[in-house]
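Beneath this line is the structure, given in structure tokens, with notes to follow.
Computed from the coordinates by the stated procedures, all read-outs in this text should not be read as laboratory data. Just so it is clear, the model here is predicted, and its values are computed rather than measured. Glycine gets a Cβ as well: all are built from the backbone with ideal geometry, and neighbour counts include every protein chain shown.
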Number of protein chains: 2
Amino acid sequence: MGEFDLIERFFKRPVQRAALGVGDDCALLQPAPGMQLAVSSDMLVEGRHFLSTVDPRALGHKALAVNLSDLAACGAKPLAFTLALALPAADAAWLEPFSQGLLALADAHGCELVGGDTTRGPLNICITVFGEVPRGLALLRSGAQAGDDIYVSGTVGDARLALEVFRGHLAMPQEVFTQARARMEQPTPRVALGQALRGVATAAVDVSDGLLGDLGHVLKASSLGARIEAPAALGLMGCADAPLSPAQRLEFALAGGDDYELVFTAPPSARGRVKGAVAQAQVQVTRIGSTTAAPGVQVVDAQGQPLDQRFGSFDHFG
Amino acid sequence: MGEFDLIERFFKRPVQRAALGVGDDCALLQPAPGMQLAVSSDMLVEGRHFLSTVDPRALGHKALAVNLSDLAACGAKPLAFTLALALPAADAAWLEPFSQGLLALADAHGCELVGGDTTRGPLNICITVFGEVPRGLALLRSGAQAGDDIYVSGTVGDARLALEVFRGHLAMPQEVFTQARARMEQPTPRVALGQALRGVATAAVDVSDGLLGDLGHVLKASSLGARIEAPAALGLMGCADAPLSPAQRLEFALAGGDDYELVFTAPPSARGRVKGAVAQAQVQVTRIGSTTAAPGVQVVDAQGQPLDQRFGSFDHFG
């Protein structure tokens, strides 16, 4: 089967909203008047971002989910994406479920596949996603103010738990592992929350490399520090029944990575509006601390005393 | 060196025209009023699109050039691009010349690096490029009419010649090889020509997989056939002194691939306007035949008799 047959068979569909979709040298996009186009590109490599054991359908989902998560972190509404795919072989048994997982998530967010590239090579998935956001309303990393509350959406740390089980570093009861694995393989991008937080959050980032590491990008861009409350952070994992020590639970929640939740800041005066945005997006959020004018991040216990635990941060070259 | 240091060191520069560049979850782009955004994504894999012996500086050039060539084929003006890079190791001795070659070509076209991703993995370069084109004026593959002239810009077949020498299938004098190798490793995207052909050409495509194969996309999209004149095609190679048989020369020119020239169609009544566009873009073009209402492609000799030579077409899964 040739390259062009492959593309047509699994990925070509009638163009919906894009001016021109798959099948020309370029796709054509037309942002609505007053809108800026938000663009993000993520590459997934076997062994770094997914395991060879992953179900292709889940991988298709995840490849787009991590990109939609970047749009969410900017408060952008998904519009379209391109897919570049290097494959060891043109394998329909792999491509069919992969494309189904990918396109099901795309359809759920009205995000249209408009172009791409297919080539032979070590398995590599590169997606570039496009969204739109009203001019001046994008959520940036640089907008946090000293004294802002810090919030996290959903649950974090579970993907890391699944990874540790896969690596043989931990053993978990089957139901805990199943729950954690679903979080690792099929993350939920917080697209509705990102849009609901426009004009409410002062800064936002999505959690891909670990909560503290990604929060660090906001703090650096905003020239701030932060104080994180360990008791709140201890409740962040979805797998509440996992047999973990408090130190492990805190490490996974604060430095786990691969969660694709949003971390955002908003002033205490906006707590009511945050509550409204959260209700509108039908997502839970947890307030885990606040930003500080003094640099550095402290994780403090219930008495406000700094913990001496150190937290790792995932680095794709670490 | 960590991922983020790498990005900053070699790729982060002050934002020019994009609303927001490298360093947030998304880049923000704002097409000018009345403009559509043209988007294309190409992935380059070692062994398929470049050889391990390539100079990183040339590779940086080529990785962007093949994407700019897609914009050229749509008549779009380059604006910005994202770069996703998988590398076996974070190697400054490779990254520095790679980024120099990449950014030199980007600067020459006013095309700004606005975001991307870096990860460890088998060497893979995925660029998504953004351009703008006045609404309704993009050059599409589907616009050719029966009886249109078919043109090719610049020279084609030389990249294939270099590849055959690298593969040990051919021996060439050093000066021929040097010339051919430059064409393979540092193609020139025909960005100015693409823009000059807006409203003049009826259809266009860039030559990546071989002239006849890529022309075939135009013919299929436009429901046409074509008649190609072998005497004209024989003059398409830049390496005029290469010791090749006429059959080899024709094969390389018509099915070589990796040329990144433009193939376009325009009615005979537009020959004067084509001449004007070509002069404006300071590129040579060759008229090599015409489209036909009857399907299929014939390559004919000086007497109008069909050749019985068959031409291959490069397929990334072939």
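The residues neighbouring B:Arg57, those whose beta-carbon lies less than 15 Å from its own, together hold a net charge of -3 under the Lys/Arg +1, Asp/Glu -1 convention.
The angle between the Cα long axis of helix B:211-222 and the main principal axis of chain B comes to about 80°, on a 0 to 90 degree scale. When a/c reaches 1.5 or more, the comparison of a/b and b/c decides; with that in mind, is the range A:141-300 rounded, prolate or oblate per its Cα gyration tensor? Verdict is prolate for the range A:141-300.
Mean partner shielding of peptide B:39-51, defined as the number of other chain Cβ atoms within 10 Å of each residue Cβ, is 6.
In this label model, A:Arg135 and A:Asp107 are separated by 3.6 nm, measuring between points 7 Å along each Cα→Cβ vector.
Taking the longest Cα principal axis of chain B as reference, the axis of helix B:92-108 is set at about 60 degrees.
Would you work out the charge dipole size for chain A about its Cα centre, treating the Cβ of every Lys and Arg as +1 and the Cβ of every Asp and Glu as -1, and quote it to the nearest 20 debye? Each step should come with its number before you reach the end.
Numbers: 25 positive and 33 negative charges, 178 e Å.
Its charge dipole is roughly 860 debye.
Remark: mean inter-chain Cβ contacts per residue of B:110-121 equal 5, using a 10 Å Cβ-Cβ cutoff to other protein chain atoms. Under a Cβ-Cβ cut-off of 9 Å, what is the net charge of the residues other than A:Val133 that fall near it, where Lys and Arg count +1 and Asp and Glu count -1? Combined, the nearby Lys, Arg, Asp and Glu give +2.
Here the Karplus curve 6.51 cos²θ - 1.76 cosθ + 1.60, taken at θ = phi - 60°, turns the phi angles of the range B:77-88 into couplings of 8, x, 10, 6, 8, 10, 10, 10, 10, 9, 10, x Hz, with x standing for Gly and Pro. From least to most packed, judged by other beta carbons within 10 angstrom and beginning with the fewest, A:Val191, A:Val114, A:Val278 follow the order A:Val278, A:Val191, A:Val114.
Once backbone amide H atoms are built at 1.01 Å from N, B:Ala38 has A:Leu29, B:Gly131, B:Glu132, B:Val133 as its partners under 5 Å, excluding neighbours fewer than 5 places away on the same chain.
Each residue in B:Ser52, B:Ser153, A:Ser142 was given a count of other beta-carbon atoms within 10 angstrom of its own, and listing them fewest first yields B:Ser52, A:Ser142, B:Ser153. If R0 is taken as 25 Å, the Cβ-Cβ distance between A:Ala293 and A:Ala247 corresponds to a FRET efficiency of 0.30. With 0.36 nm allotted per residue and the present C-alpha distance subtracted, the A:Ser223-A:Leu51 stretch has 58.3 nm of extension available. Treating each Cα of the protein assembly as shown as an identical point scatterer and summing with the Debye formula, the log10 of I(q)/I(0) at q = 0.09, 0.11, 0.12 Å⁻¹ comes to -0.73, -1.03, -1.18.
At R0 = 41 Å, how high is the FRET efficiency between A:Arg167 and B:His169 if r is their beta carbon distance? Nearest 0.05 is fine. Before the final figure, lay out each step's value.
Details: r = 46 Å, r/R0 = 1.13.
Once the sixth-power term is evaluated, E becomes 0.35.
How many percent of all Cα-Cα pairs in the range A:3-134 sit more than 20 Å apart?
Cα-Cα pairs in the range A:3-134 separated by more than 20 Å: 41 percent.
With θ taken as phi - 60° and the Karplus curve 6.51 cos²θ - 1.76 cosθ + 1.60 applied, the whole-hertz 3J(HN,Hα) list for the range A:155-167 is 10, 10, x, 6, 4, 5, 4, 4, 4, 5, 5, 4, 6 Hz, x standing for glycine and proline.
Just subtract the alpha-carbon distance of B:Ala32 and B:Ala240 from 0.36 nm times their residue separation and send over the number in nm, one decimal.
Numbers: separation 208, 0.36 × 208 = 74.88 nm, distance 4.38 nm.
Contour length minus the Cα-Cα distance gives 70.5 nm.
Let a ≥ b ≥ c be the square roots of the eigenvalues of the Cα gyration tensor of the range A:54-207; is it rounded (a/c under 1.5), or, if not, prolate (a/b larger than b/c) or oblate? Oblate. By the gyration tensor of its Cα atoms, with a ≥ b ≥ c the square roots of the eigenvalues, what is the shape of chain B: rounded for a/c under 1.5, prolate for a/b over b/c, or oblate? Cα axes put chain B in the oblate bin. Taking amide H positions as modeled 1.01 Å from N, with prolines and chain starts lacking one, the residues under 5 Å from A:Val297 and 5 or more places away or on another chain are A:Ala226.
Could you name the lysines in cross-link range of A:Lys12, using Cα to Cα under 16 Å and dropping any fewer than eight places away on the same chain? A:Lys12 reaches B:Lys220.
What's the average, rounded to a whole number, of partner chain beta-carbon atoms within 10 Å of each residue's beta-carbon in B:30-36?
Whole-number average of other-chain Cβ neighbours for B:30-36 is 3.
With respect to chain B, whose longest principal axis is taken over its alpha-carbon atoms, helix B:56-74 is tilted by about 60°.
Other residues with beta-carbon under 14 Å from the beta-carbon of A:Gln282 carry, at +1 per Lys or Arg and -1 per Asp or Glu, a net charge of +2. Ranking B:Ala196, B:Phe311, B:Leu103 by Cα position along the charge dipole of chain B, where only Lys, Arg, Asp and Glu carry charges on their C-beta atoms, puts B:Ala196 farthest toward the positive end. Label point of A:Arg135 (7 Å along Cα→beta-carbon): distances to the other copies' equivalent points are 1.5 nm, sorted ascending. As a proxy for reagent exposure, A:Thr291, B:Thr118 were ordered by neighbouring Cβ count within 10 angstrom, fewest first; the result is B:Thr118, A:Thr291. Computed from backbone phi with θ = phi - 60° and the Karplus coefficients 6.51, -1.76 and 1.60, the 3J(HN,Hα) list for the range A:273-285 is 6, 4, 4, x, 5, 5, 5, 4, 7, 6, 10, 8, 10 Hz; x is used for glycine and proline. Plainly put, the tip 7 Å out from Cα toward Cβ on A:Ala232 is 7.1 nm from that tip on each other copy, the closest given first.
Near the amide H of B:Asp117, within less than 5 Å, lie the amide hydrogens of B:Leu83, B:Ala84, B:Leu85, all on another chain or at least 5 residues away, with H placed in the peptide plane.
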